[in-house]
């Protein structure tokens, strides 16, 4: 054993002696022709090469366009990766319905070679107008070997089929240092893929699962590492959502038939409700306050910041609603302070209206436990001793024509809105509510940050 170690040491010393006679520029040029793995291996046995390793070309971002082959052309000859370390790689597939195992293997090998950390896979033919909640995602292999790239720290998939058919094992997940996973308009082909990710990636902090399909009506996200979570579904694909994340800082989720959330750091909430076809602001508000509504038009957002996120969060509207839908609907956003009992009670009442008063929910957050059977939501007298009642903030974003009509008749519509808000009188401190109605400042203001939006405080 000792003789073997001595021989290894002598070989490394001889290599370093020969390299010391070469100029740095020549050494860097030589290293640039070597595969990434060989560069790292050489730097481990030669201190001179180790010092030069940072001088090897590195790319912060690289974009690769992969076009479907025609006429029997070998597509592998039409894409090349630069001989450099690449931090972020964005691969866009054009006109693909299926990615062959051979092509997938070549891409994975190249990604391993360049030590990619952030990977974006996008099917250019998939988007809001193409995705209908069914199996029309691009079929990119059955194993999705991209999850076998160990160097990955973040993955973003858009319109990609992931995993095998039922009865086969899920794809191997070797990227155990993954901190961010975003899946949009994808098809997972099985109901245990997300669970496999949560088990295999103990450092995962960001998980976005947006209008994708995973077989099965129930979804559970239990993780001690996740801080930012987005769970959005279409066509009632998931009936029960169960989230238990002790370090969760932000959550965006559909209001499902049954909703269980345990996130002790959360302190604010926003509830998004949509009305389609669009109506005038006063009529839209009356519909929300007077009657029950379907769960297809309700989304809940929670966060641990000092202020709610709601529609002010970056790209929230674009993420939740397709552009065509925004043109025809009024979207109402309520913001709530869950530390205030009056505010939390109104949120409870609105959640109860979901799904014709059949939705069950159990939400445990920082200072509040909100249940579909919560006694606090039925007993007004619990609020009357309160010395401070947090104002509820409401935003209404509407189609351009509706917004222009509001501007023409702002005074009249504002009076109508005041009348509708009287319906909340039994759910808030009466003195506080009356003060709001007689306040000299305008009850309704045009938003300065959101297009075609008005803001109301009550």
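Rule-based calculations on the coordinates, nothing more; no lab input. Just so we're clear, the structure is a prediction, and the values are computed from it rather than from any experiment. Using ideal geometry, Cβ is built from the backbone for each residue, glycine included, and neighbour counts are taken over all protein chains shown.
A few remarks follow.
- Residue order, fewest to most beta carbons within 10 Å, for 240, 176: 176, 240
- Sorted by Cβ neighbour density within 10 Å, fewest at the top, the residues 255, 230: 230, 255
- Residue exposure proxy: 450, 320, 183, ordered by other Cβ atoms within 10 angstrom of their Cβ from fewest to most, comes out as 450, 320, 183.
- Efficiency of FRET between residue 90 and residue 220 - r from beta-carbon atoms, R0 35 angstrom, step 0.05: 0.65
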